[in-house]
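No lab work stands behind these numbers, since they all come straight from the coordinates. Being a predicted model, the structure only gives us computed values, none of them experimental. No Cβ is skipped: glycine too gets one built from the backbone with ideal geometry, and neighbour counts run over all protein chains shown.
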Amino acid sequence: MKNANSSKLVKPPGWFWPNAHNLLLILLLTLPLSGLVAQLSTLEIGTGNDWVTFGLGNNQDDGHSFSVYLNGETTKGFGFSLILDGVTDQQFSHERYGALALSLSQRLSLRLAPAVTLSLEPAIGVAAAGNLGLEWIQNTLHGLLGRAPVNLPEADQQLRVHPSLSLKGDGALFLGRSSVHLLVSASYTHALEGSLNGAISLEMMDTLHLGGGVSRLYPASDYPSQQLRVQQYSGPYLFSTYDGSLIKTRWMTFPTTGFSYGTFGFDPLAFTREKRFTHADWAVAGGISYDPAGYQTRLASLRYRNAVLAIRYSNGPLAQGSGQRRNIGSWSLGYFTPIGPTTLLFRPTIELYGGFKRFNLVQGFATSLIDKLRPVIGVEVGLGLGPEDGWIIENQAYHFRLAIGAQHTLFTSSLAAPYEKWEKIAQPWSFLFGLVLEIRHDFG
């Protein structure tokens, strides 16, 4: 096995196709995509990572580590999905593998009653699994982020192609501008894995989904490294999705396994849709900031008028090559207000908030050294860049603001641990500087 602490990047090897029949199968599935571009109603391009935790669980940077995807749907319900997944196992088998999955689907919708609908979505596809050269991709990204490389041998030096089938069902009860959904799905990829999933969710204003469910994965391959991914994705889970026309996000967390995963994508077709924003009903925001020690913190918030529900979270190794990992998250309620007119080129804002902050320090991958909640209060002073309604896409108005924040955490004396980097985190005061994107929604 290669040294996991080595800083040398391994170039991707040449890809191996088992035979011409598998290549022909993939080409036959991709040919119909060329005629779909003009008929697309949505087209999403994005990436996923297990560092999207919202402060919950334990970010291990292992198992289902990252993904890149492209999916779309036509006005007649015909869809396609292309997903590249990177899976590692640094804990047990010390191997990795990649999977590139392509599927074509057709959504069929029925109205069973004035407020009740049922949709079914069968799909057929192929998945190529094995050596996709993802070690080089992952370690290049880690190098840009200042993180240690993950050098693991491939579980299979060949690239094997597996046919797949899946079926999704969605029963919906509409309650005005909201709806309740019962979701079920089943999939099988020959000689790779199968899955069963059931969930219930609440959809609000065609934009935000909140829900929970139960998932089961069934491995059917010879990859020992697949077992960790199966453990992560099996059991009860909570999830949320956000469809902001241009920006789309998804997040899920499994409380019993400590695994979380999130995706971030955008739809370039949003720029072609009619602009119809006149006022703001709700606003969502996301941002990235850094503290004086160089640790990155991510923001996700929901605002109604002046009231703000916000999540700030940070995770990763204490230092490059460190055997300890941090998982920090704060959940707060606050009061947000602009200072002065909202039409100015530069617009001061202020937010006052209070809530709870989680301090989680993990040794290795799963040994928790500290996991405690503490009360926290904070203030964020912002400077809006451009008018609030200066950039409109469909029924949303986008704008950026620079933000400087300070947090004070109570009762931090019991958070001590014998690591210099941790002592800088577990302090009463913390300071952040970053950039926030706020999206104001018109649901009229």
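Got a sec? How would Tyr97, Tyr295 order by Cβ neighbour count within 10 Å, fewest to most?
Values: Tyr97 27, Tyr295 19.
Lowest to highest Cβ neighbour count: Tyr295, Tyr97.
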**Item:** Interatomic Cα distance distribution for segment 43-272, bins of 5 angstrom, percent
**Value:** 1, 6, 12, 17, 21, 18, 12, 7, 3, 1, 0, 0
**Request:** Go ahead and set up a Gaussian network model of the chain, Cα springs under 10 Å, then flag whichever of Thr249, Thr412, Thr343 fluctuates most.
**Result:** Thr343
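For every helix of n ≥ 4 consecutive DSSP H residues, a contribution of -39,500 (n - 2.57) applies; sum these over the chain, divide by its total residues, and give [θ] at 222 nm rounded to the nearest 500 deg cm²/dmol. If you can, show how the numbers build up before the last one.
Numbers: 4 runs with 36 residues, N = 444.
Mean residue ellipticity, 222 nm, calculated: -2500 deg cm²/dmol.
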**Prompt:** To the nearest Å, what is the center-to-center distance of segment 144-207 and segment 57-119, using C-alpha atoms only?
**Reply:** 4
**Request:** Within the set of other residues whose C-beta is less than 13 Å from the C-beta of His279, count the net charge using Lys and Arg as +1 and Asp and Glu as -1.
**Result:** -1
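Give the relative contact order (percent, whole number) for the chain; include only Cα pairs under 8 Å separated by 6+ residues. Numbers along the way, then the final one.
Details: 1196 pairs, mean separation 56.2, N = 444.
It rounds to 13 percent for the chain.
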**Fill in**
Net charge (Lys, Arg +1; Asp, Glu -1) of residues whose beta-carbon lies under 15 Å from that of Lys76, Lys76 excluded, is -1
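What is the sum of charges, Lys and Arg at +1 and Asp and Glu at -1, for the other residues whose Cβ falls under 15 Å from the Cβ of Phe174?
Details: positive: Arg111, Arg177; negative: Asp170, Glu203, Asp206.
In short, -1.
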**Prompt:** Which residue, Asp371, Asp267, Asp61, has the most motion in a Gaussian network model of the chain that connects Cα atoms within less than 10 Å?
**Reply:** Asp371
**Message:** Treating only the Cβ of Lys, Arg, Asp and Glu as charged (+1, +1, -1, -1), what charge dipole size does the chain show about its Cα centre? Round to the nearest 20 debye.
**Reply:** 500
**Message:** Which of Thr75, Thr409, Thr278 ends up with the largest GNM mean-square fluctuation for the chain, with Cα atoms connected below 10 Å?
**Reply:** Thr75
**Residues in segment 122-148 reached by a label modelled at Gln157 [backbone nitrogen below 13 Å; 7 Å Cα→Cβ]** = 131
